[in-house]
Amino acid sequence: MVKAANFRGTTPGPSPGTRILVIGGGYVGLYTALRLQKKLKQELERGEAEIVVVAPDPYMTYQPFLPEAAAGSISPRHVVVPLRLVLGRCRILIGEAKAVDHAKRTATVTTLATAEEGTGPVQIAYDELVLAPGSISRTLPIPGLADYGIGFKTVEEAIGLRNHVIEQMDIASSTRDPAIRDAALTFVFVGGGYAGVEALGELENMARYATRYYHNVKPEDLKWILVEASNRILPEVGEAMGKYAIRELRARNIDVRLETRLDSCEDRVAVLSDGSRFPTRTVVWTAGVKPAPVLAATDLPLNEHGRLNCTARLSVAGVEHAWSAGDAAAVPDLTSDEPGKECAPNAQHAVRQTTVLAENIVASLRGEPLKEYVHKYVGSVASLGLHRGVAHIYGRKLKGYPAWLMHRAYHLSRVPTLNRKARVLAEWTLSGLFKREIVSLGSLEHPRAEFELAAGGRRPGHGPHGAPKNGPHSGPGGT
């Protein structure tokens, strides 16, 4: 394997065959690879460098748009960015990194092909490593959570949750059992951060609108509960805007419970730490994230939270030829006077870090000085549903329609590619001119169900492998 370091002639550039391995296809993986392929265009064309991107999915999900996708304001396909479309000069490998041996400069990866062939994982050698696998949902050993909880980190989960909410309204409108009706119309969201509040706000807004098409389901029949373990929600927008968000949600008859935990959701009953019990068919878990498991399967230094110890130059501390940013990296915040403070693992930092990260990788290959990442946090915006939001930007506090408009403008500017920007803007425009789409496409989760029924004689109402379509283990998260 050729090591990257030397230059040839008078033209600076990586040595022949330099392989840059990017693990992860999220914010950091996509943006870093995108900038690398631009800055190393000539080297890539001459075969002097190669960029390999390993990602579990062939697309990057723009997660801030998941709540709007769940509410039907944006088409699911416009929430994702196809990696092959954007990274035309990179080699895309759909798979999952299981381990990294940086001492040997190899990564252990399982791919779709190895799964089909029944063979073991492959070893990929590299010269420079960008480790950006992102994060996964942080769950707790709560009884019933694994069986009935619904996550909200992927586009599949967002669309599945949308289908599920509409299906529950269908169940409530047709059942004669009051207990089933009440459970179907009770929606419990756990976690008062961005994901939980925005998902709840958008779906409540959608469901409220949908009730006009149900003759026996009224908005006041819906019960929405937000459970937060701390004494505030949306801490990123500040205490004042957080309190405003609580007032706004409660004004919409949403039950916001602070300093409360979910103790159990066994048998479709949400039991809270304050003693409340809510029969429900919907428990959405958005209570934080944790680093991806592959970080623990490396020989790279981690902090106490399982994130990579990184320098302000976005290199892994004490290690050469290894880089990281975003959720996986603990990067010192040079704008803070507080000793040891790190940059928050959010999209605002992640996108900006990739610019410095890509430039530093190229500079390292060319023997040039490296830059430090310095960015003062400008603030946050959050949507509370259609035409409602909160924002705290550059010290200024906004609420209501202006904050909601700023939320949309900011995230539209951050969506990769002009293609996606135009499509999202067009959908927003059309959704403002026409009525909401409230159709449930739950059958998409089991596309072969009807054919299997016809071919195998399985009784109606059952999905693949004989599982009931609306049974206790169907739908998103087994709900």
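Quick notes
- Check on GLU220, surrounded by fewer than 15 Cβ atoms within 10 Å (Cβ to Cβ) and either under 25 Å from the mean Cα position of the chain (by Cα) or part of a loop (DSSP other than H, G, I, E, B) (or both): no
- Enumeration of residues in the stretch 125-153 that are buried (at least 19 other Cβ atoms within 10 Å of the Cβ) and under 13 Å from the mean Cα position of the chain (by Cα): PRO133, GLY134, SER135, GLY151, PHE152
- For the stretch 177-191, the candidate set comprises residues that are among the charged types (D, E, K, R) and without any contact (Cβ under 8 Å) to a residue 60 or more places away in the chain; within that set, the residue that is nearest to THR282 (Cα to Cα) is ARG181.
- Among the residues of the stretch 236-251, those that are on the phi < 0 side of the Ramachandran plot and either in a strand (DSSP E or B) or surrounded by 16 or more Cβ atoms within 10 Å (Cβ to Cβ) (or both) comprise GLU236, VAL237, MET241, GLY242, TYR244, ALA245, ILE246, GLU248, LEU249.
- Some residue of the stretch 269-288 being touching a residue at least 12 places away in the same chain (Cβ under 8 Å), touching a strand residue (DSSP E or B) at 6+ places or on another chain (Cβ under 6 Å) and farther than 25 Å from PRO143 by Cβ: no
- Test: residue in the stretch 154-170 that is part of a loop (DSSP other than H, G, I, E, B) and either in contact (Cβ under 8 Å) with a residue 60 or more places away in the chain or over 23 Å from the mean Cα position of the chain (by Cα) (or both): yes
- Candidates LEU370, LEU398, filtered to the one that is closer than 23 Å to GLU68 by Cβ and either touching a helix residue (DSSP H, G or I) at 6+ places or on another chain (Cβ under 9 Å) or assigned by TED's automatic domain parsing to the domain that holds ASN205 (or both): LEU398
- Test: residue in the stretch 365-384 that is at pLDDT 85 or above, assigned to a helix (DSSP H, G or I) and surrounded by 17 or more Cβ atoms within 10 Å (Cβ to Cβ): yes
- Conditions (1) surrounded by 14 or more Cβ atoms within 10 Å (Cβ to Cβ); (2) touching a Lys or Arg at 6+ places or on another chain (Cβ under 7 Å); (3) assigned to a loop (DSSP other than H, G, I, E, B); (4) not acidic (Asp, Glu): number failed by THR335: (1)
- The residue that is farthest from PRO58 (Cα to Cα), among those in the stretch 109-139 that are assigned to a strand (DSSP E or B) and touching a helix residue (DSSP H, G or I) at 6+ places or on another chain (Cβ under 8 Å), is GLU128.
- Residue in the stretch 403-419 that is modelled with pLDDT under 90, β-branched (Val, Ile, Thr) and within 18 Å of ALA195 (Cα to Cα) present: yes
- Close pairs (9 angstrom Cβ cut-off, 6 or more residues apart or separate chains): without any contact (Cβ under 8 Å) to a residue 24 or more places away in the chain in the stretch 33-51, of a type in the set (A, V, I, L, M) anywhere: LYS38/ALA358
- Single residue of the stretch 237-292 satisfying the filter (among the aromatic types (Phe, Trp, Tyr) and over 12 Å from VAL197 (Cα atoms)) that is modelled with the lowest pLDDT: TYR244
- Taking the criterion of being touching a residue at least 40 places away in the same chain (Cβ under 8 Å) and not charged (D, E, K, R), the residues of the stretch 289-310 that qualify are VAL289, PRO291, ALA292, PRO293, VAL294, LEU295, ALA297, THR298, LEU300, LEU308.
- For TYR194, the conditions (1) of a type outside the set (Gly, Ala, Ser); (2) modelled with pLDDT of 95 or more; (3) closer than 21 Å to THR286 by Cβ all hold with the exception of (2).
- Any chance LEU112 is at pLDDT 90 or above, at negative phi and not basic (Lys, Arg): no
- Only one of the listed residues (ARG105, ARG91, ARG84, ARG46) is among the charged types (D, E, K, R), under 20 Å from the mean Cα position of the chain (by Cα), surrounded by fewer than 22 Cβ atoms within 10 Å (Cβ to Cβ) and farther than 30 Å from GLY191 by Cβ. That residue is ARG84.
The values are calculated or read from the model by the stated rules, or taken from the named source; none is laboratory data. Values in this document were obtained by computation on a predicted structure and should not be read as measured data. Note: ideal-geometry Cβ built from the backbone for every residue, glycine included; neighbour counts use all protein chains shown.
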